[in-house]
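Encoded as structure tokens, the structure appears first; notes follow it.
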Amino acid sequence: MLGKFRVFVQRSLITGILATLPLIVTFWVIKFLFEKFSSFFLPYLGMITRHMEVEIHIYIQKVISFVIILVLLVLIGVAAKHYIGKVTLRLVERIADKIPVVRSIYSSIQQVVHAVQTAGGGSFKKVVLVEYPRKGMYSIGFLTRESCEFFNKATGEVCINVFIPTTPNPTSGFVLIIPKKEIVDAEISVDDGVKFIISAGLVEPDDGKSIEGKDVS
């Protein structure tokens, strides 16, 4: 009887953790962003309140600062789509290109952003399976694009670039250059693949099918 109760408590505890984990992580991310961005305009708001001889609670000032940041980001996004914004961005790029250290950092970040944008908001094409880290053991990965001619000539094969994510954080991982004939199409959506990684394999594809596929042609 005691053993059944212990198992019941353990299972209930795990279920409770899994049920609240998304909420906790979401709260932590929002809290992190709020703390980072809300203090940006605090010195200026403090100067304004002192000049106006008005006392505003520090938390209210942080909220105002955070809202200002959001509004500015929206305005920049709108401006970037129009002629004046595009001209301004090109001017910023030319200035950054003339500064040695800034040029390297700005160019690297710009390439990453461009890669995401050109892929329609997501750089992953499809979910694939690759035999890694050894034969007979499969890892789930995301196909990013076909390898360039340099790697094809070096390997003597037509290759594919595959990003292998880590669990439970799919934003970190490493890239493998794999011959196209050795890649297996998992035949599931990228969203399902991400859920599978984040949940450490606990959440399977929505259709309930096992991750079986065919060779990518």
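Coordinate-derived values only; no laboratory data. The shown structure was predicted, so the numbers you read here are calculated from the model rather than taken from an experiment. Neighbour counts run over all protein chains shown; Cβ positions are idealised from the backbone, glycine included.
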>> I need the calculated FRET efficiency for the pair Val158 and Lys125, taking r as the beta carbon distance and R₀ as 22 Å, to the nearest 0.05.
In response: 0.90
> Helix 83-97 sits at what angle to the longest principal axis of the chain, using alpha carbons and giving 0 to 90 degrees rounded to 10?
Replying inline: 80
>> Please compute, for the alpha-carbon atoms of the chain, the extent along each of the three principal axes and give them in descending order in Å.
In response: 71, 67, 29
>> Whole-Hz ³J(HN,Hα) for each residue in region 25-37, computed from phi via Karplus 6.51 cos²θ - 1.76 cosθ + 1.60 with θ = phi - 60°, x for glycine and proline: what do you get?
In response: 5, 4, 4, 5, 5, 4, 4, 4, 5, 4, 5, 6, 8
> In degrees between 0 and 90, to the nearest 10, how far off the longest principal axis of the chain does helix 100-118 point, with axes built from Cα atoms?
Replying inline: 60
> What number, in percent, do you get for the relative contact order of region 1-102 if the mean sequence gap of Cα pairs under 8 Å and at least 6 apart is divided by its residue count?
Replying inline: 20
> Which pairs break 29 Å Cα to Cα here: Lys98/Lys125; Lys126/Lys153; Lys135/Lys195; Lys31/Lys98?
Replying inline: Lys98/Lys125; Lys31/Lys98
> Fully extended, how many nm does the chain gain between Thr20 and Arg6 (0.36 nm per residue separation, minus their Cα-Cα distance)?
Replying inline: 2.9 nm
> Could you give the longest part of the chain that holds none of the GluC sites (Glu not before Pro) found in DSSP loops with at most 14 neighbouring Cβ atoms within 10 Å?
Replying inline: 56-211
>> Counting only other residues whose beta carbon sits under 14 Å from that of Tyr44, what net charge do I get with K and R as +1, D and E as -1?
In response: +2
